[in-house]
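Asks: A single structure is presented below for examination.
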Amino acid sequence: MNISGISLHPVKAHRHSGENSQHVIVKLHTDAGITGLGEISDLQELGYLPDLTILSDELNRLLIGREVINRTEILGLLDKRYGTVEPAFRWGVEIALYDALGKLLNQPMYNLLGGRVRDRLRICYPLFPMYERSIAEAGLVEVDKRLGQGFDMFRVYICGNLEVEEWFFRELRERHGDTPKIKSLDFSARFDRKTALRIAERLVDLSGTELVESPVRRADPRALAEVRRALRVPVSEHVWSYAEALRLLDAEALDVLNISLAALGGVTAAVELFTLARHTATPTLLGTTQELSIGTAAVMHVAMATPNIEHPGDAVGPLLYIDDVTTEPVPYADGYAWAPDGPGLGVTLDEDKLAALSHPLYARD
């Protein structure tokens, strides 16, 4: 089965929060009549805004006529062209390859990765930065809603408005006691070392968090290592390449590797990092850039086939968006997610939804 063409379809998905996110749906066409689905996810968050006409022409020139099963050759071509600068392009194509091959073989993607080692992955729900009291109050309403749906694990993004954030955590415990678990306080690499430690001193015990995520700017491993030594809870950190993971591990700058398929550039890159983590006895979590259901399905298939995921995952994009492009979203229940049934990714593209969400890529305001 050979690749006969690549088509790219930009969409704008609306979040329940009122924000919008940009994605590109990838269709990998084959001479067997099978179409593999991929997704270049949440482009504004990752900082990419490609010219899709140029990208489509390049991908077709590189890949038409290549055998779908020759994934290593194809990824090598993509690496040579895009390197680590634009890994999201690799991610979008690679999951389309897996989807097409799984459909051809009538096998779910996790079987192509070595088989399933778990049936589901515990998931935490994000609460975004609380810049003012009204947002914190809305956050409490969100917690009430998600607890009612079986979610009891949360990831809280920290902005440094300590008066509001301290109020939120006190109110949270007053209302719900120890029922809501805080997986992580996500500092999003906003702060310098002194500021991060000052915030952590105020919020770690009050929140009862299990992790502090990205407390300082990642470009300074020494500062991250100093913060890690000073904190009473483990530090997790996003990694954007294998080389960066090595640098951070060598600097003893983290306790937990946060592995995001979209940020790293695909399944193969993520599997390599999970292997590194296993050999270095480093715990991991499976991160996100808030994908739609195509990207989230790929994340869940990797989760099903990866033994060394020690912390709850973050992939809740289908719950954050009002809109999606598949007939059915990735399944969630009782605070867990799992891979959809069916060959390949197990999701079906809804062409009407794709058309309704179609929107040219645009620069962030």
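The values are calculated or read from the model by the stated rules, or taken from the named source; none is laboratory data. Note that the coordinates shown come from a computational prediction; the quantities given were computed from them, not determined experimentally. Heavy atoms of the whole protein, side chains included, go into the accessibility calculation; ligands, DNA and RNA do not. Shrake-Rupley method; radii C 1.70, N 1.55, O 1.52, S 1.80 Å.
Asks: Can you bin every Cα-Cα distance in the stretch 212-301 into 5 Å intervals starting at zero and give me the percent of pairs per bin, rounded to whole numbers?
Replies: 3, 15, 27, 23, 17, 10, 5, 1
Asks: Per-residue ellipticity at 222 nm for the chain, helices alone: DSSP H runs ≥ 4 residues times -39500 (n - 2.57), over residue total, nearest 500 deg cm²/dmol?
Replies: -13000 deg cm²/dmol
Asks: Also, quick follow-up: Could you list which residues have their amide H under 5 Å from that of Gly5, counting only those 5 or more apart in sequence or on another chain, with H placed in the peptide plane?
Replies: HN-HN under 5 Å from Gly5: His29.
Asks: Which whole-Hz couplings ³J(HN,Hα) result when phi for each residue of the stretch 154-164 is put into the Karplus expression 6.51 cos²θ - 1.76 cosθ + 1.60, θ = phi - 60°, listed in order with x for Gly and Pro?
Replies: These are the phi-based 3J(HN,Hα) values: 10, 10, 10, 7, 9, 10, x, 7, 5, 4, 6 Hz.
Asks: From the mean inverse distance of alpha carbon pairs (Kirkwood) and the Cα radius of gyration, derive Rg over Rh for the stretch 128-252.
Replies: 1.00
Asks: Whose amide H sits under 5 Å from the amide H of Asn20, counting only residues 5 or more places off or on another chain, with H placed in the peptide plane?
Replies: The list, which skips near neighbours in sequence, is Arg15.
Asks: While we're here: Over the chain, what is the relative contact order in whole percent, taking alpha-carbon pairs under 8 Å and six or more residues apart?
Replies: 21
Asks: Given the pairs Lys103/Lys353; Lys27/Lys145; Lys27/Lys80, which are separated by over 25 angstrom at their Cα positions?
Replies: From Lys103/Lys353; Lys27/Lys145; Lys27/Lys80, over 25 Å: Lys27/Lys145.
Asks: On to the next question. Would you work out the relative contact order for the stretch 171-268, in percent, from Cα pairs under 8 angstrom that are 6 or more residues apart?
Replies: Result for the stretch 171-268 is 24 percent.
Asks: Measure nothing but the geometry: give the 0 to 90° angle between the long axis through the Cα atoms of 267-279 and the longest principal axis through the Cα atoms of the chain, rounded to 10°.
Replies: The angle comes out near 50 degrees.
Asks: Let me ask something else about it. Taking just the alpha carbons, could you work out the radius of gyration and Dmax for the chain, both in angstroms?
Replies: Just the Cα atoms of the chain yield Rg and Dmax of 20.2, 62 Å.
Asks: Taking only protein heavy atoms into account and a 1.4 Å probe, give the accessible area per residue of the stretch 110-244 in Å².
Replies: 47
Asks: List the lysines whose Cα lies under 28 Å from the Cα of Lys194, skipping any in the same chain that are fewer than 8 positions away.
Replies: Lys181, Lys183
Asks: Please report, as a whole percent, how much of the solvent-accessible surface of the chain comes from carbon and sulfur atoms (probe radius 1.4 Å).
Replies: Roughly 48 percent of what the probe reaches on the chain is carbon or sulfur.
Asks: Additional query: Once amide H atoms are built 1.01 Å from N in the peptide plane, which residues 5 or more positions from Met153, or in another chain, come under 5 Å H to H?
Replies: So Met153 has HN proximity to Tyr125, Lys181.
Asks: Related question: So, in Å, what gap is there between the alpha-carbon centers of the stretch 234-276 and the stretch 159-223?
Replies: 22
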